[in-house]
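For reference, the structure I am asking about is given below.
Coordinate-derived values only; no laboratory data. Here the structure is a predicted model, which is why all the values come from computation and not from measurement. Glycine gets a Cβ as well: all are built from the backbone with ideal geometry, and neighbour counts include every protein chain shown.
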Amino acid sequence: MTIAEFQRMIRDKYYATDSARGAPGTYLWFVEEVGELAHAIANRERGKLDQANLEEEFADVIAWLATLANICDVDLEKAIADKYIKDGGPAGYKA
Ligand SMILES: [Mg+2]
């Protein structure tokens, strides 16, 4: 499955309710999922790894990111390609 296919699947299933909720409310859902991912990573660091939960939270974060992109009319695959692939991507890295 490509990123574009995933974003389209999310749009097909959820766009009606997501667009009615709007970007601000949806952003809160997204951040809540980022918090759940942080908790799963923290548990991993504490030696209490739940790999299935960790994977679920990664999936939730990308699903809500796709939802936000749909509401904001952003083509995620194009945005990623433009920033990270085109012309070799950004120079440097965060240490
Ligand atoms: Mg979650």
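Would you please give the FRET efficiency between Glu36 and Ala91, computed as 1/(1 + (r/R0)^6) with r the Cβ-Cβ distance and R0 = 22 Å, to the nearest 0.05?
0.10
Just in region 5-95: which chymotrypsin sites (Phe, Trp or Tyr not before Pro) are loop by DSSP and have at most 12 other Cβ atoms within 10 Å?
Passing both the DSSP loop test and the Cβ count: Tyr93.
Can you give the FRET efficiency to the nearest 0.05 for Val74 and Lys48, using r as the Cβ-Cβ distance and R₀ = 30 Å?
FRET efficiency, Val74 to Lys48: 0.25.
Hey, what do the phi angles of region 4-16 turn into as Karplus ³J(HN,Hα) couplings, whole Hz, using 6.51/-1.76/1.60 and θ = phi - 60°, x for Gly and Pro?
5, 5, 5, 4, 5, 4, 4, 4, 4, 7, 10, 4, 4
Next up: Give me the net charge for the shell around Ala38: Cβ to Cβ below 13 angstrom, other residues only, Lys and Arg +1, Asp and Glu -1.
Summing Lys and Arg as +1 and Asp and Glu as -1 gives -4.
For the chain, what is the convex hull volume of its Cα atoms per residue in Å³?
Once divided by residue count, the hull of the chain is 129 Å³.
Under 22 Å between C-alpha atoms is the cut-off here; go through the chain and count lysine pairs that meet it, provided they're at least eight residues apart or on different chains.
Final tally of qualifying lysine pairs is 4.
Residue by residue, what Karplus-based ³J(HN,Hα) values in Hz, rounded to whole numbers, does region 46-59 have, using 6.51, -1.76 and 1.60 with θ = phi - 60° and x for Gly and Pro?
8, x, 10, 5, 10, 4, 5, 5, 4, 5, 4, 6, 4, 5
Trypsin sites (Lys or Arg not before Pro) within region 2-95: which are DSSP loop residues with at most 16 other Cβ atoms inside 10 Å?
Arg46, Lys48, Lys94
How much mean residue ellipticity at 222 nm does the chain get from its helices, if each DSSP H run of length 4 or more adds -39500 (n - 2.57) and you divide by all residues, to the nearest 500 deg cm²/dmol?
Rounded to the nearest 500, it is -25500 deg cm²/dmol.
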